[in-house]
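Engineer: Following this message is one structure expressed as structure tokens.
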Amino acid sequence: MAGPRDQPEAVEPPAEDPIVEERPDAEAVRPAPSRIAGLRWVEPSREPGVGAAVRSDRASLIAASDESLSWFEKPSSQDYFPMGGITHEHAWASVFAFRELVERIDDPVLLEEQIRYQFDFYESVGSDGQGSVLFTGYYSPVFEASRTRGGPYQYPLYELPYDLVKDEKTGETLGQRVGERIEPYPTRAAIDASGMLAGTELAWLRDQFEAYLVHIQGSAALSLPDGSTMHVGYAGTNGHEYVSVSLLMVEDGKIREDELSLDEVRGYFASHPEDLTPYLRRNKRFVFFHEVSGAEWPAGSLGVKVTALRSVATDKTTFPAGGVTLVVASVPDGAGGFVRLSQFMLDQDTGGAIRTPGRADIYFGIGPDAERIAGGQYSEGGLYYLFLKGERFRAWRDRLPPLP
């Protein structure tokens, strides 16, 4: 995928490089604070530390930034803007400038200075108005499956049904077309009990809980009996609100909240298989899939590849899509403990449970190791968005490639 440095120049570059190679000694003019309800401008004295973030792996950060830039270059990305006081061009230029800074400035001290000089920080107001954001985790599973039903392969994933109606602009599910009317689409329980989706099966899995995990994660790599791999990605939902089965189990006293993890949930259902279907049906949301190429997988809701520990999922009715974020949270260390993470990520995905400014989902990667870590992610932290200051935006926007 081409990055911004592979694009032809649309116009002559400005006489002065917008990257200031000297130590900045003056504040740039700040734009009017964003009118996005979920964000508030952070005074420079309160900006979070980014020392650890600028010293982390740059290759993955540049790769994730390139994915967002490829999305901004699609005309359809303009449908997501303006978002409060942020325009499409402002959001795009902010990612473009950030990517250039990361690639071109090797000195982490100078890079941190330039990020603070060039960007305003906006903080999620969180669930409590104090900036508290609950971070959970997700991953891309790898399971055994078949394109046809037979033997152990009895649990289907379905394609998007013909009678499901979406909003053409946002992709949100409007309901089920019934004659000339649009009615709420049936719930998970109704879909399971009725067999109404017969004939739209995309693949069959060996395990009911694994099939449900594909619904939760939104994509999967499926190992087929002939040795090939089929990749499936999110195509839409029935439009009902997501209900967390694991939190229902905590409420019912099946699992202690301080022991909540995917391993605990999986273990409970292995010991109590009779509870699996009743619990799954209490989540009314149902997810549909389509086959994607391996080169495009795993993809987030923006249609670009997500990157481990560089992609975050948020509510796109609350936050601007595609932009640079700073995530400050505790994450599993893989050895039973937690480590504090301060990491730049790109907002490239959405999630069924990710609603309101107080929720976000960190992408942890592919396969069993990622499952184990993502399944244990449950901590509060801070979420920040970076947008170019007013005069810095004006310096960068003429360097953007032309839209198709």
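The values are calculated or read from the model by the stated rules, or taken from the named source; none is laboratory data. In this text the structure is predicted, and so the values were computed from the model without any measurement. No Cβ is skipped: glycine too gets one built from the backbone with ideal geometry, and neighbour counts run over all protein chains shown. The area values use the complete protein model at the heavy-atom level, side chains included, leaving out ligands, DNA and RNA. Shrake-Rupley method; radii C 1.70, N 1.55, O 1.52, S 1.80 Å.
Engineer: What GluC sites (Glu not before Pro) in region 195-290 are in a loop by DSSP, with at most 16 other Cβ atoms within 10 Å of the Cβ?
Structural biologist: Working: sites: 201, 210, 241, 251, 257, 259, 264, 274; in loops: 241.
Those satisfying the criteria are 241.
Engineer: For the chain, with every protein chain kept in place, what is the accessible area per residue (1.4 Å probe, Å²)?
Structural biologist: Each residue of the chain exposes 44 Å² on average to a 1.4 Å probe.
Engineer: Sticking with this structure for a sec: Have a look at 233, 321, 248 and report the one farthest towards the positive end of the charge dipole of region 217-334, computed about the Cα centre with Cβ charges (Lys/Arg +1, Asp/Glu -1).
Structural biologist: Most positive-ward Cα: 321.
Engineer: Sticking with this one: Provide Rg and Dmax in Å for region 154-237, with only Cα atoms included in the calculation.
Structural biologist: That works out to 14.2, 45 Å for Rg and Dmax.
Engineer: Another question about this same structure. Where does helix 208-217 land angle-wise versus the long Cα axis of the chain, in degrees 0 to 90, nearest 10?
Structural biologist: 20 degrees
Engineer: Using 22 Å as the Cα-Cα cut-off, could you pick out the over-long pairs in 74/389; 74/169; 166/284; 254/284; 74/305; 169/316?
Structural biologist: In this structure, 74/389 lie more than 22 Å apart at Cα.
Engineer: Positive end of the charge dipole of region 145-185 (Lys, Arg +1 and Asp, Glu -1 on Cβ, about the Cα centre): tell me which of 158, 173, 148 has its Cα farthest that way.
Structural biologist: 148
Engineer: Once you sort the root eigenvalues of the Cα gyration tensor of region 271-352 as a ≥ b ≥ c, which label holds: rounded (a/c under 1.5), prolate (a/b larger than b/c) or oblate (the other case)?
Structural biologist: Judged from the Cα gyration tensor, region 271-352 comes out oblate (a/c at least 1.5, b/c at or above a/b).
Engineer: Tabulate in residue order the Karplus-calculated ³J(HN,Hα) for region 38-43, using 6.51 cos²θ - 1.76 cosθ + 1.60 with θ = phi - 60°, rounded to whole Hz; enter x for Gly and Pro.
Structural biologist: Running phi through 6.51 cos²θ - 1.76 cosθ + 1.60 with θ = phi - 60° gives x, 10, 9, 5, 9, 4 Hz.
Engineer: At a 1.4 Å probe radius, which order do 240, 290, 215 fall into by accessible area, largest first?
Structural biologist: Final ranking, largest accessible area leading: 290, 240, 215.
Engineer: Show 307, 325, 87 ordered by accessible area, largest first, where the area counts protein heavy atoms only and the probe is 1.4 Å.
Structural biologist: The residues order as 87, 307, 325, largest area first.
Engineer: Taking the Cα atoms only, what angle lies between the long axis of helix 262-271 and the longest principal axis of the chain, rounded to 10 degrees?
Structural biologist: 0 degrees
Engineer: Determine the shape class of region 125-198: with a ≥ b ≥ c the square roots of the Cα gyration tensor eigenvalues, call it rounded for a/c under 1.5, and otherwise prolate if a/b is greater than b/c, oblate otherwise.
Structural biologist: oblate
Engineer: From the helices alone, meaning DSSP H stretches of at least four residues, give me the mean residue ellipticity at 222 nm for the chain, per-run term -39500 (n - 2.57), in deg cm²/dmol to the nearest 500. Each step should come with its number before you reach the end.
Structural biologist: Values: 11 runs with 102 residues, N = 404.
Computed ellipticity for the chain at 222 nm equals -7000 deg cm²/dmol.
Engineer: Over the Cα atoms of region 247-404, each weighted equally, I'd like the Debye log10 I(q)/I(0) at q = 0.15, 0.19 Å⁻¹, rounded to two decimals.
Structural biologist: Debye output, listed in q order: -1.00, -1.43.
Engineer: Okay, next question. Out of all DSSP beta bridges in the chain, what portion is antiparallel? Express it as a percent rounded to 5.
Structural biologist: Beta bridges within the chain, antiparallel portion: roughly 80 percent.
Engineer: Ignoring ligands, DNA and RNA, what percent of the 1.4 Å accessible area of the chain is carbon and sulfur?
Structural biologist: 49 percent
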